[in-house]
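Remarks on the structure that follows.
FYI, it's all coordinate maths here, none of it is from the lab. Everything numeric here is computed off the predicted structure, so don't read it as measured data. Neighbour counts run over all protein chains shown; Cβ positions are idealised from the backbone, glycine included.
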Amino acid sequence: MRRDVRVDGVVQGVGFRPYVHALATRLRLAGRVGNDVAGVFVEVEGAPEDVGEFLASLARDAPPLAHIEHVHVHEAPPAGVEGFEIALSDAQGARNTLVSADSATCEDCLRELFDPADRRHRYPFVNCTNCGPRFTIVRDVPYDRPLTTMAGFPMCGPCRAEYEDPRDRRFHAQPTCCPDCGPTLSLGAAMDPLAEAVHRLRRGEVLAVKGLGGYHLAVAASHPTAAATLRARKHREDKPFAVMCADAEQARGLCSVDEQSLRDLTSRRRPIVLMPRLGDAPIAEAVAPGNRYLGVLLPYTPLHHLLLRDLGEPIVLTSGNRSEEPIAYRDAEPLADIADAVLDHNRPIHSRADDSVVRAGTLLRRSRGYAPEPVTLARPCRRPVLACGAELKNTFCLAKDDHAFVSHHIGDLENLQTYRSFTEGIEHFSRLFDVTPRVVAHDLHPEYLSTKYAHGLAGSLDGVELVGVQHHHAHIASCLADNREAGPVIGVAFDGTGYGPDGTIWGGEFLIASLTGFERIGHLAPVPMPGGAAAIRQPWRMAAAYLGNSVPGWRPEWDAVITMARNGVNSPLTSSAGRLFDAAAALLAVRDEINYEGQAAVELEQLADPTVQDAYPVRVDDLIVQGVDLLHAILSDRGAPRSVIAARFHNGIAAAILAACVQARDRSRLTTVALSGGVFQNVLLLTRTVKLLADNGFRVLTHRRVPTNDGGISLGQAAISACR
């Protein structure tokens, strides 16, 4: 008997064809397997029981990097062929193949890396079908070497033999190379670039290091002045740096590592994992000043492994850029005034990709190791969609059929370099996944660069529909899409700012929402934002707006700001939960002015004592939450420790969310709640809220595959547009 098989999913560049070849050969089957623009095709014939075993094993025993979505099997007449072969790739037709994310160095390659008898001993570009660069080197599909940035490195004889041997771990591993034929390291004129890099790190110098998705800036984490030097040169005042450790044991010397964090640290995706910092962690204070958490990651390239082992201590490893600019990836020229030297290599990077960030198993930034693997939609797109995302923490999303390709982290669209990264990324994804959008979705804010891009694109293409999506509806839709649901649900969208159709700034919203529409049924009681954007940079302004003359001002500008707010001078109304957190942080003298987005709320959460269970009371009348009650409670509780006050504030917010959701349930009869928005990056608030809701009979949806912050907005826009 014969069967023609089509396998969809992440099945190219992950060792799937040699796996199929070995499986078919073991079962004495004839036929062939090959790549094309839609995925992998298989033609197999032989005894019925052997074909049956082949089909049963195909997905069950697939290689570790493969992700199989569908296996389609069709009957076909036997062709009488002999033997089983791997066919040449077919680049013709409509593209539906998926591209694997970059993957950390596997154990087999690590053994070779540190084996003195191996021909790849200490070679910083060792890889195989189970690990190494993927997305960052792919120029086009199908995923074959000529369509990657390895095209300029012809394989030597031994590497070619491995590459062409179906029994070898490197069979059709496109980045296959060795010291004789592959990329090389450089550091100025140094004869031994690695040794020179280690020497410079020990001296306290700032080193630029080329990685998978761009350049990093590195210093020795324990050096007394190096991190402070890097902070000054990068103009990064307070935001913590990430630290790379050689292994999990070294990470345990810096942080409290629980089981979930350990799984994330050691996964093939190798994100930065935020964990509680140990008080005696042997790192310089300037690495994470005043921060109770530390972002730690483990090596994910052979170069990192070599550098960490030779240095013998952790290093700071932060994105190679000036603050607010995208990571440098084509060359290190943008870092010339920051780095003392560059540990470089000559394998080009086609797509930049920052490190991903995870906390308590939840993605805060989805990039290297995750993108561009798709999110499967609950409802397939009728027409191809481009969703342009938000202004901050931007991602874009291209969707067709039931696949939503959420991009790597782009960043804040506030300068030309980041905007160029955004447009280049859209062009690359459109080519890679063969998506010509017929629907272009955007945020309602008219001044967002992503919105202006959407209008410009739609104006230049015939027959393209432009879809504006309200920011907080997109948040809840993102959570629905993340959980493969369509709603309706009670949506709780808490964040810093979002454009409201009523002309105010939303950010503390209760919605009845589905992928097809929403109704705003409640929110935090609005207050003025005196000074507009200045109120975000200076949280004390929000305390003044909330409390007015009910407390004496502690700054000379207090009375003037209150007058500004009352008169509505440059003081737009906001229902933002983020601004309520800012006001609380200012009252507790946590933060009067911020140096990075969300800093006041981050530090307020870190101050809170998680053992405290009682909450400040807050009125919730007809789904309007009186946030000012929480601030008056803080003032009345001044005799308590600040950590207790901060905890009671958090618990009060969670209790208010529960009260509003109960009122929404009484009105709508809905029992599922979706939580989304940047405020729910706060793990203390999220865990308290989820527990309260679950204990009171609600089913709760949270984010798993995309960030709850604005990095998930593009997925929500795409999911909504797919249903229109």
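Taking the chain as the reference, fit the longest principal axis to its C-alpha atoms, fit the long axis of helix 449-460 to the helix C-alpha atoms, and give the angle between the two in degrees, 0 to 90, nearest 10.
For 449-460 against the chain, the angle is about 60 degrees.
Considering the convex hull of the alpha carbon atoms of the chain, report its projected area averaged over all viewing directions, in nm², one decimal.
For the chain, the mean projected area of the Cα convex hull comes to 33.1 nm².
Can you give the net charge of the other residues whose Cβ lies under 11 Å from the Cβ of R724, counting K and R as +1 and D and E as -1?
The answer is +2.
Using only the alpha carbons of segment 226-361, what is the convex hull's orientation-averaged projected area in square nanometres?
Here the figure is 8.3 nm², rounded to one decimal.
Quick one: angle between helix 471-482 and the longest Cα principal axis of the chain, in degrees between 0 and 90, rounded to 10, please.
The angle comes out near 40 degrees.
Over all alpha-carbon pairs in segment 535-614, figure out the percentage whose distance exceeds 16 Å.
That fraction is 50 percent.
Using a Förster distance of 56 angstrom, determine the FRET efficiency expected from the C-beta separation of A534 and F114, and round it to 0.05.
0.55
Going by Cα centres, segment 141-198 and segment 1-80 are how many Å apart?
28 Å
Quick one: dipole size for segment 185-359, taken about the Cα centre, charges +1 on Lys/Arg Cβ and -1 on Asp/Glu Cβ, in debye to the nearest 20.
Here the size comes out at about 280 debye.
What dipole magnitude, in Debye to the nearest 20, does segment 1-54 give about its Cα centre under +1 on Lys/Arg Cβ and -1 on Asp/Glu Cβ?
Magnitude of the dipole: close to 140 debye.
Highest first, please rank the peptides 635-644, 666-675, 470-479, 203-212 by the mean number of other Cβ atoms sitting within 10 Å of their residues.
Per-residue Cβ counts within 10 Å, averaged per peptide and sorted highest first, yield 470-479, 203-212, 666-675, 635-644.
Let me know the charge dipole size of segment 107-186 about its Cα centre in debye, to the nearest 20, where only the beta-carbon of Lys, Arg (+1) and Asp, Glu (-1) is charged.
Dipole magnitude for segment 107-186 comes out near 160 debye.
After finding the eigenvalues of the alpha carbon gyration tensor for segment 133-224, what semi-axes result from the square roots of 5 times each, listed largest first in whole Å?
Equivalent ellipsoid semi-axes, largest first: 32, 16, 11 Å.
If only Cα atoms are counted, what is the Rg of segment 608-711, and what is its Dmax, in Å?
Just the Cα atoms of segment 608-711 yield Rg and Dmax of 14.2, 42 Å.
Out of segment 296-360, which trypsin sites (Lys or Arg not before Pro) are coil in DSSP terms and have no more than 14 other C-beta atoms within 10 Å?
R330
Compute the long axis of helix 577-587 from its Cα atoms, compare it with the longest principal axis of the Cα atoms of the chain, and write down the angle in degrees, 0 to 90, nearest 10.
60 degrees
For segment 256-334, state which GluC sites (Glu not before Pro) are in a DSSP loop and have at most 14 other beta carbons lying within 10 Å of their beta carbon.
Here the sparse-neighbourhood loop sites are E324.
Hey, got a sec? Which trypsin sites (Lys or Arg not before Pro) in segment 490-592 land in a DSSP loop and have at most 15 other Cβ atoms within 10 Å?
Passing sites in segment 490-592 do not exist.
Which whole-number percent gives the relative contact order of segment 185-359, counting Cα pairs below 8 Å spaced six or more residues apart?
After rounding, I find 37 percent.
Going highest first, how would you order 341-349, 413-421 by mean Cβ packing within 10 Å?
341-349, 413-421
Where does each of 217-227, 439-449, 390-400 land if you order them by average Cβ count within 10 Å, highest first?
Descending mean neighbour count gives 390-400, 217-227, 439-449.
Counting only pairs 8 or more places apart or on different chains, how many lysine pairs in the chain have C-alpha atoms closer than 28 Å?
Count of close lysine pairs: 7.
In nm, give the distance between the simple-model label positions of D559 and E414, each being 7 Å from the Cα along the Cα-to-Cβ direction.
3.3 nm
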